[in-house]
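The structure under discussion appears below in the form of structure tokens.
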Amino acid sequence: MDAGSFNGITKQGHLEQSNLSALLMIFTGSHILSVSQFDRASIDTIFDVADNMQPYANRQKMTRVLEGAILGSMFFEPSTRTRVSFGSAFNLLGGEVRETTEIKASAIAKGESFYDTARVLSGYSDIIVMRHAIEGSVQEFSEASRVPVLNGGDGSNEHPSQALLDLYTIRKELSAQGKTIDNMHIALIGDLRYGRAVHSLCKLLKLYNNVQMSLISPPELSLPESYISSIESAGHAVLETEDLQNGVKGADILYLTRIQEERFPSQGEADKYKGIFRLNHSIYTEFCEPNTVIMHPLPRDSRGNANELDNDLNENPNLAIFRQTDNGVVIRMALFALILDVVDLVDKYARGVNWYTAKRF
Ligand code: NCD
């Protein structure tokens, strides 16, 4: 996807400016459709803004900077975290959320085009997040939208906000161990063919230096060749293997994925691949380094025939999956604040909270 084709987005050169207000102008009003839009400077900006959102997400203080604004939330595929955390992020900034879920509950079921739906709904919202099973659908929708559109996942193509929260998590987890994204070793495990979170993450990792990648999947579910060749041309070392026990050795990060059964021609076809790779306490302790961080975009498939990430790791302090989901809120708050150009106002609209706040973090 051509980074230059979006409204006001990361064109090389603009982002060489380190000045925050110059960067804010680039985010303002932009669609977020692909992680190809970002370079390292824009990612650092998102992460800095996300860090500043932490006390609001923790309910230590509140802000009403988006009071009156409306998020149109359109999820035409199942979603728990992405849908709810986009909504919560908008609420935490003071805005309101209008949800459309399921195609059968919308006029698309009556034959309405993305063009008409986008023209209509962008009249009712200040910003829209959309998920849909067809690759490229969110981009098509954005072309007719009158307000910024964020890609909440389009088929097996991309999942930009997930990749940003994953990278933010990786950075935080590694920095606690004195390590960086540059020079890390990550093992990506499972359905690398259809997993859009992995696809977006691989594109982002190309921006970093000397990343070692172990790609652990059945051959039929391997990462598409175009991703592998562009990772290799970014100078990273790639090892493809079907051997989980050897593949995880020496990794700083394990990133597990669910078999994306909804993308297979039939359920029977998908079922063939479930349960091939299962990370559990005994494999982790025998084959991984002591502090290897365990990640998964979730949902993990906890059904007996799948169970790619076992519950017996739930108490392992290196299991970062729920820190990942928490990080999704601050990353999405940062995206809203940047796109709607209120970053500098968030703290000005801050107040204390009056209710009992449980310690979540
Ligand atoms: C992922 C997705 O929808 O692509 N989930 C998510 O958004 N956290 C991964 C998946 O469904 O397996």
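Could you tell me whether the range 249-256 includes any residue that is within 16 Å of the ligand (Cβ to nearest atom) and touching a Ser or Thr at 6+ places or on another chain (Cβ under 7 Å)?
As a first pass, look at the range 249-256 and keep what is within 16 Å of the ligand (Cβ to nearest atom): 254-256.
So of that shortlist, the ones also touching a Ser or Thr at 6+ places or on another chain (Cβ under 7 Å) come out as 254.
Yes.
Table: residues versus (1) in contact (Cβ under 8 Å) with a residue 40 or more places away in the chain; (2) assigned to a helix (DSSP H, G or I).
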residue: ASN246; (1), (2): yes, yes
residue: ALA251; (1), (2): yes, no
residue: ILE276; (1), (2): yes, no
residue: ASN291; (1), (2): yes, no
residue: ASP312; (1), (2): no, yes
residue: GLU315; (1), (2): no, no
residue: VAL330; (1), (2): yes, yes
residue: MET333; (1), (2): yes, yes
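For the range 196-222, give me each residue that is within 16 Å of the ligand (Cβ to nearest atom) and assigned to a helix (DSSP H, G or I).
Correct list: ARG196, ALA197, VAL198, HIS199, SER200, LEU201, CYS202, LYS203, LEU204, LEU221.
Within the range 21-49, how many residues are under 15 Å from GLY328 (Cβ atoms) and touching a Phe, Trp or Tyr at 6+ places or on another chain (Cβ under 6 Å)?
1
Counting only residues that are within 12 Å of the ligand (Cβ to nearest atom), give me the strands (runs of 3 or more DSSP E) lying completely in the range 76-165 with at least 1 of them.
127-132, 149-154
Determine whether SER226 is more than 18 Å from ALA187 (Cα to Cα) and modelled with pLDDT of 95 or more.
Yes.
Does the range 320-361 hold any residues that are open to solvent by less than 30 Å² (accessible area, probe 1.4 Å) and within 16 Å of the ligand (Cβ to nearest atom), and which are they?
ALA320, ILE321, GLN324, ASN327, GLY328, VAL329, VAL330, ILE331, ARG332, LEU335
Given the structure, is ASN314 polar (S, T, N, Q) and closer than 25 Å to GLN162 by Cα? Break it down stepwise before answering.
Working: polar (S, T, N, Q): yes; closer than 25 Å to GLN162 by Cα: yes.
It is true that ASN314 is polar (S, T, N, Q) and closer than 25 Å to GLN162 by Cα.
The values are calculated or read from the model by the stated rules, or taken from the named source; none is laboratory data. Because the structure is predicted, anything quoted here is derived from the model rather than measured. As a convention, Cβ positions derive from the backbone with ideal geometry for all residues, glycine included, and neighbour counts pool all protein chains shown. Protein only, heavy atoms only, side chains kept; ligands, DNA and RNA dropped before computing areas. Shrake-Rupley method; radii C 1.70, N 1.55, O 1.52, S 1.80 Å.
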